[in-house]
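Asks: Sharing a structure here in structure tokens format.
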């Protein structure tokens with residue numbers, strides 16, 4: 001098979017910007033293809049974070065002293081940056097959490113649980129990660145509501161007809177992933193949101209995989225809630241983002257109680273702080289949030305704005321699609337190999353199985369060749385059941401991967417096949 | 001192939017994976033347990049027909065990686081016709097062999113393990129020890145009258 005592909009001599013992000021990518025693994029240069037689990041960190045961002053911790057650090061939103069003010073400014077500046085990344089209407093719509101999972105749990109507990117009545121429905125899709133299933137089950141159990149899932153086609157695309165058919169006046173929440181972590185399918189978020197809104201449902205979109213790979217515009221999509229995982233965006237662990245429409249967040253009760261989220265406290269009564277502080281109880285991950293800001297600066301370059309951000313992430317998405325296409329073309333040459341996910345719109349994920357080699361063995365053998373992939377159910381057991389496989393191997397592509405990584409993947413897969421021949 | 005892979009995927013392992021022994025259902029089972037590794041999805045069911053303190057029949061069924069499936073296959077060969085007390089003693093030797101921190105302690109009984117010694121390659125890959133151990137823990141659960149086993 002001959003593919004017409006643009007020549008890529010170097011990756012979009014130089015590997016040398018990411019010290020961990022230069023680590024030798026099992027005596028081999030590392031081909032890191034597990035960024036969908038967690039992306040590697042650019043040195044520029046970790047250096048900037050260290051500089052902040054060593055020279056500007058103090059607690060935020062508390063002290064009148066200089067360092068506290070510097071730290072607060074640095075922390076709040078990142079809120080403005082994330083507002084631009086998501087094109088939110090108001091900076092108070094951006095809540096920092098400890099991760100994507102916490103963002104979803106916050107909405108499930110503070111928004112869905114008080115709203116849901118027995119017989120109400122929460123509509124998900126078969127593509128969902130456990131973290132976009134279990135929080136809804138917990139909210140449903142507490143309220144007598146029901147969780148249902150829209151089907152997918154065999155190629156990993158959402159069955160929009162089924163999605164539509166499962167929407168009704170009892171549907172109160174619709175939650176779906178923007179990009180499938182297991183297959184790479186990109187969902188038509190805007191269309192789905194419009195369909196859900198037509199039935200009066202509130203929509204949460206799981207952006208764990210879309211953050212670093214696609215331009216996101218929450219206003220254009222019309223999302224009520226949108227969540228991000230920062231460690232998958234080349235940023236630090238322990239930071240997540242919850243975007244929520246202002247009127248929704250304002251009406252919601254707090255998720256956790258503590259410092260920062262109050263206006264006044266007595267033993268008789270507590271009044272809560274305004275947004276976004278209402279949802280940021282306790283000392284936040286200050287260095288993590290500042291590290292996120294530095295990471296965004298790395299991705300988009302100095303003095304970036306909405307336009308240049310959109311240009312950059314679109315370029316990243318297009319680049320990764322080219323690398324994926326090349327990788328798939330190389331893997332397709334291997335007899336007995338099946339790639340899962342062949343939707344019209346695919347992000348940089350290649351999920352595959354090899355007839356004679358279990359994904360777990362494949363994972364070990366690839367690792368010995370310096371190729372890091374994920375092998376398993378990808379926290380998507382319902383999806384694996386739907387596909388009729390116990391597990392797959394998943395190579396996920398980031399902006400620092402190149403065509404050589406795909407060649408290394410293909411030749412390691414061939415080596416694995418030979419062991420089991 | 002690097003040294004490590006040859007060590008892990010020895011001929012014995014590949015042979016048992018391709019030609020599993022003792023695979024299938026056992027109709028007259030007195031003990032049955034299913035083991036599951038939630039991390040990777042490996043699943044193995046062990047069935048035993050125990051009479052007068054002896055394992056008359058042992059079968060396994062399930063789905064999993066080569067290490068797990070061949071470990072199960074080799075286990076059926078080792079335990080078929082054995083007194084339960086000997087089987088439990090072998091279970092203990094396997095635990096030491098796979099998981100003892102001290103390398104020389106782990107290797108103490110290697111000459112007594114026969115084909116099972118081929119499982120030793122997982123010692124260098126901590127995440128894969130559970131794969132080799134799942135059938136054994138499932139056997140242990142079955143013999144103790146429990147219905148499920150986990151490697152975690």
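Asks: Does residue B:146 meet the test of being surrounded by fewer than 20 Cβ atoms within 10 Å (Cβ to Cβ), more than 14 Å from every other protein chain (Cβ to nearest Cβ) and closer than 30 Å to residue A:26 by Cβ?
Replies: No.
Asks: Let me ask something else. Here is a list: A:315, A:280. Which entry is out of contact with any helix residue (DSSP H, G or I) (no Cβ under 9 Å at 6 or more places or on another chain), at pLDDT 95 or above and surrounded by 19 or more Cβ atoms within 10 Å (Cβ to Cβ)?
Replies: One residue alone meets the criteria, A:280.
Asks: Could you run through the stretch B:21-55 and say how many residues are within 13 Å of another protein chain (Cβ to nearest Cβ) and not in a strand (DSSP E or B)?
Replies: Total satisfying the criteria: 6.
Asks: Scan the stretch A:377-386 for residues that are at the interface with chain B (Cβ under 10 Å from one of its Cβ atoms) and buried (at least 22 other Cβ atoms within 10 Å of the Cβ) and jot them down.
Replies: Answer for the stretch A:377-386, where residues must be at the interface with chain B (Cβ under 10 Å from one of its Cβ atoms) and buried (at least 22 other Cβ atoms within 10 Å of the Cβ): just A:377.
Asks: OK, next. Filter the stretch B:107-126 for residues that are surrounded by fewer than 17 Cβ atoms within 10 Å (Cβ to Cβ) and free of Cβ contacts under 8 Å to residues at least 60 places away in the same chain and give the result.
Replies: Selection gives B:107, B:108, B:109, B:110, B:111, B:112, B:114, B:126.
Asks: Of everything in the stretch A:394-421, what is within 14 Å of another protein chain (Cβ to nearest Cβ) and part of a loop (DSSP other than H, G, I, E, B)? Give them in sequence order.
Replies: Of everything in the stretch A:394-421, those that are within 14 Å of another protein chain (Cβ to nearest Cβ) and part of a loop (DSSP other than H, G, I, E, B) turn out to be A:420, A:421.
Asks: Which condition number in (1) at pLDDT 95 or above; (2) surrounded by fewer than 21 Cβ atoms within 10 Å (Cβ to Cβ); (3) in contact with a helix residue (DSSP H, G or I) (Cβ under 8 Å, 6 or more places away or on another chain); (4) in the same structural domain as residue A:373 (by TED's automatic domain parsing) is the one that residue A:356 fails?
Replies: Condition not satisfied by residue A:356: (1).
Asks: Can you tell me which condition residue A:373 does not meet? The list is (1) modelled with pLDDT of 95 or more; (2) in contact with a helix residue (DSSP H, G or I) (Cβ under 8 Å, 6 or more places away or on another chain); (3) within 13 Å of another protein chain (Cβ to nearest Cβ), and all the others hold.
Replies: Here residue A:373 meets the rest and fails (3).
Asks: Might you check whether a residue that is touching a strand residue (DSSP E or B) at 6+ places or on another chain (Cβ under 6 Å) and part of a loop (DSSP other than H, G, I, E, B) occurs anywhere in the stretch A:100-111?
Replies: No - not one qualifying residue is present in the stretch A:100-111.
The values are calculated or read from the model by the stated rules, or taken from the named source; none is laboratory data. Remember, it's a predicted structure, so these values are computed and weren't measured experimentally. Neighbour counts are summed over all protein chains in view; Cβ atoms, including those assigned to glycine, are modelled from backbone coordinates with ideal geometry.
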